[in-house]
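Before any comments, here is the structure.
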């Protein structure tokens, strides 16, 4: 078994172990013996549902897969919450309740954040002497939190910035030496996106009221997730307007809202073809349009990796997108020696 297979199977083994443990302990808490010896068995069940999975999580996931040890604290609180949920009312040892753990959780989280923040600030100040602010920010976050966590942090920061913070003050960052390649002026994408946001807002309100009638806690979680999705769509709409794709003399900077971005050499673009409908799905094809049909298909000589939100990557060789000014774009591609149909 190679490392990748092991990396995929270890979480599965842990999940199966924890599921079996929960089922066994659930049966114990509903048995006659548990009712007769509640005080004794309640403590044992709590230990089994908290300590055993915590140890298993460390040896199966944290240590072999080199995951951050801070995850142990997060899963510990999760195990405690599930254990208290499984234990029947009135049988919880030491009168432990989830509400009593909340201040402890918040204090622990705050301490971890402060320690990490000080480490990040120290690394950022060091890198800032030799790099610009953007590179120093990414480099310091990668050093302290790791590359995957950094992609998530930066992604969250961009969503907040472009959806809530000063998005109305942003201007296009295209310079005189760059040729903007916009996708929203003639496609109707803006109107469709605004309509989608309005419909989603209504659906979120109705869904929240329905779920809250039976499950208030679940309703808040679902609504929070739905609102975040709305913020992502708003950020995508804003970045589509103020951060469009653009051409330089040697490169094509593809920027599709919050969803995808890449830098492609113009010499690597082999062919530009018109489209009248969505292309057939292919593994190496990227459909860059969200709600509208693309009108242009780019085919590359060699495949490239394109970066998505939160560190997602995809290898592509064809790109379908909507180009507002097809004549100007085609002229620039012809100047690069690209075949234009």
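The values are calculated or read from the model by the stated rules, or taken from the named source; none is laboratory data. This structure is a prediction, so every number in the text was calculated from the model and none was measured. Please note: Cβ atoms are built from the backbone with ideal geometry, for glycine as well, and neighbour counts cover all protein chains shown.
Tabulated data
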| quantity | calculated |
| --- | --- |
| Residue in segment 326-337 that is over 25 Å from residue 277 (Cβ atoms), surrounded by 13 or more Cβ atoms within 10 Å (Cβ to Cβ) and touching a strand residue (DSSP E or B) at 6+ places or on another chain (Cβ under 8 Å) present | yes |
| Residue in segment 146-158 that is modelled with pLDDT of 80 or more and closer than 14 Å to residue 242 by Cα present | yes |
| In segment 245-257, the residues that are closer than 20 Å to residue 313 by Cα, touching a strand residue (DSSP E or B) at 6+ places or on another chain (Cβ under 8 Å) and surrounded by 19 or more Cβ atoms within 10 Å (Cβ to Cβ) | 245, 252, 254, 255, 256 |
| Listing of strands (runs of 3 or more DSSP E) fully contained in segment 212-289 that carry 1 or more residues being in contact (Cβ under 8 Å) with a residue 60 or more places away in the chain and closer than 25 Å to residue 171 by Cβ | 245-247, 251-256 |
| Residues being touching a strand residue (DSSP E or B) at 6+ places or on another chain (Cβ under 9 Å) and within 13 Å of residue 291 (Cβ to Cβ) - total across segment 180-209 | 1 |
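Each row is one residue, and each column tells you yes or no for (1) more than 28 Å from the chain's Cα centre (by Cα); (2) under 23 Å from residue 195 (Cβ atoms).
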{"residue": "264", "(1), (2)": "no, no"}
{"residue": "272", "(1), (2)": "yes, no"}
{"residue": "281", "(1), (2)": "no, no"}
{"residue": "287", "(1), (2)": "no, yes"}
